[in-house]
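Colleague: Below are the structure tokens for one structure; questions will follow.
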């Protein structure tokens, strides 16, 4: 009975979320539920008793069981990111708010400042306020994170967790991410078609998007029989990238001095890095893109306003559309699968 009871309890809790979304408040009778789940009424009653203890249902004598008025009432979805002011993040937040509002959900965004402690503070607030879902743009997801246990507890408590742009996630989390390895392959392919023979790179190495782009870059070089030179690969951390934003471009300047000899193309982690590199190379007298071609990811306003480099973007409407769709479905108790966001040049299925 114990295993059957746990199974029915989980099924009923997900069902209640869907019923609330559909505007249905009355549960089927104990007899009907027992028949549906192929168990005894005693087992169904035990599951309903727990739901009542949790405040999710109320039992009315002679009328049956109903969803409690305050059950699943939280229509706020939390979005936790390294920096809410990061160059593409404000637009994602704005698009998420619009998409979620169509389903009567609100979005509240939190910045962790790229720190584990900052992430912990937000997670504490999640536990206290129990939002409808939590979207995470993670902090340094390639290193062991002491907050993962808390995130797993949040998932276990019934709050859906959606990771954006991350390969490595705690058990039970939903992933919504571009195929970053494929993205690098697309860029190397383009540059090789342009006749580029020595392609360098700048990637971030403390998050999985950078690692996957780096792996895709290495694989694509091998595919096109192009040389790999570790001295031409600059691997940044969040701190390095943040320092560049604050005007400390020492690392990229040192790298620029290396790639001016023997390199004819560079693939960058994103448009912001590509813009910084183009500025530094231009000050050194390097003609962009004639001498060195620069390619990057995001197709952001940096790329729109700077013709010196090209940028690979995601398919129109992504990623906010995919994140919002997954978050709403999970919050409403529907089954949700991981989503791979297509690049603009990929055929959408």
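The values are calculated or read from the model by the stated rules, or taken from the named source; none is laboratory data. Quantities reported herein were computed from a predicted structural model and do not represent experimental measurements. Cβ coordinates were reconstructed from backbone atoms using ideal geometry, including for glycine residues, and neighbour counts include every protein chain displayed.
Colleague: Quick one: would you say residue 80 is in a strand (DSSP E or B) and crowded, with 18+ Cβ neighbours inside 10 Å?
Modeller: Answer is yes for this residue.
Colleague: What are the residues in the stretch 294-305 that are surrounded by fewer than 17 Cβ atoms within 10 Å (Cβ to Cβ) and either over 22 Å from the mean Cα position of the chain (by Cα) or not assigned by TED's automatic domain parsing to the domain that holds residue 210 (or both), if any?
Modeller: 304, 305
Colleague: For the stretch 1-23, name all the residues that are part of a loop (DSSP other than H, G, I, E, B) and without any contact (Cβ under 8 Å) to a residue 24 or more places away in the chain.
Modeller: Scanning the stretch 1-23 gives a single hit, 23.
Colleague: Which is in the same structural domain as residue 140 (by TED's automatic domain parsing) and modelled with pLDDT of 85 or more, of 50, 92?
Modeller: Within the list 50, 92, the selection yields 92.
Colleague: Among the residues of the stretch 197-209, write down those that are crowded, with 21+ Cβ neighbours inside 10 Å and modelled with pLDDT of 95 or more.
Modeller: Of everything in the stretch 197-209, those that are crowded, with 21+ Cβ neighbours inside 10 Å and modelled with pLDDT of 95 or more turn out to be 199, 200, 201, 202, 203.
Colleague: Taking the stretch 1-28 on its own, how many of its residues are loosely packed, with under 14 Cβ neighbours inside 10 Å and in contact with a strand residue (DSSP E or B) (Cβ under 6 Å, 6 or more places away or on another chain)?
Modeller: Selection size over the stretch 1-28: 1.
Colleague: Quick one: which of 167, 177, 150 is within 22 Å of residue 116 (Cβ to Cβ), more than 16 Å from the chain's Cα centre (by Cα) and crowded, with 16+ Cβ neighbours inside 10 Å?
Modeller: Answer to the selection: 150.
Colleague: Restricted to the stretch 125-152, and to residues that are in contact with a helix residue (DSSP H, G or I) (Cβ under 8 Å, 6 or more places away or on another chain) and assigned to a helix (DSSP H, G or I), which residue is farthest from residue 93 (Cα to Cα)?
Modeller: Out of the qualifying residues, it is 150.
Colleague: Would the stretch 304-324 turn up any residue that is farther than 30 Å from residue 15 by Cβ and assigned to a helix (DSSP H, G or I)?
Modeller: Taking every residue of the stretch 304-324 in turn, at least one turns out to be farther than 30 Å from residue 15 by Cβ and assigned to a helix (DSSP H, G or I).
Colleague: Collect the residues in the stretch 105-122 that are touching a strand residue (DSSP E or B) at 6+ places or on another chain (Cβ under 8 Å) and over 17 Å from residue 86 (Cα atoms), keeping them in residue-number order. Full working, then the answer.
Modeller: Step one: filter the stretch 105-122 for residues touching a strand residue (DSSP E or B) at 6+ places or on another chain (Cβ under 8 Å), giving 105-112, 118-119, 122.
Selection gives 105, 106, 107, 122.
Colleague: Same structure, new question: Determine whether residue 131 is buried (at least 19 other Cβ atoms within 10 Å of the Cβ), closer than 26 Å to residue 85 by Cα, over 16 Å from the mean Cα position of the chain (by Cα) and free of Cβ contacts under 8 Å to residues at least 60 places away in the same chain.
Modeller: Spelling it out, residue 131 is indeed buried (at least 19 other Cβ atoms within 10 Å of the Cβ), closer than 26 Å to residue 85 by Cα, over 16 Å from the mean Cα position of the chain (by Cα) and free of Cβ contacts under 8 Å to residues at least 60 places away in the same chain.
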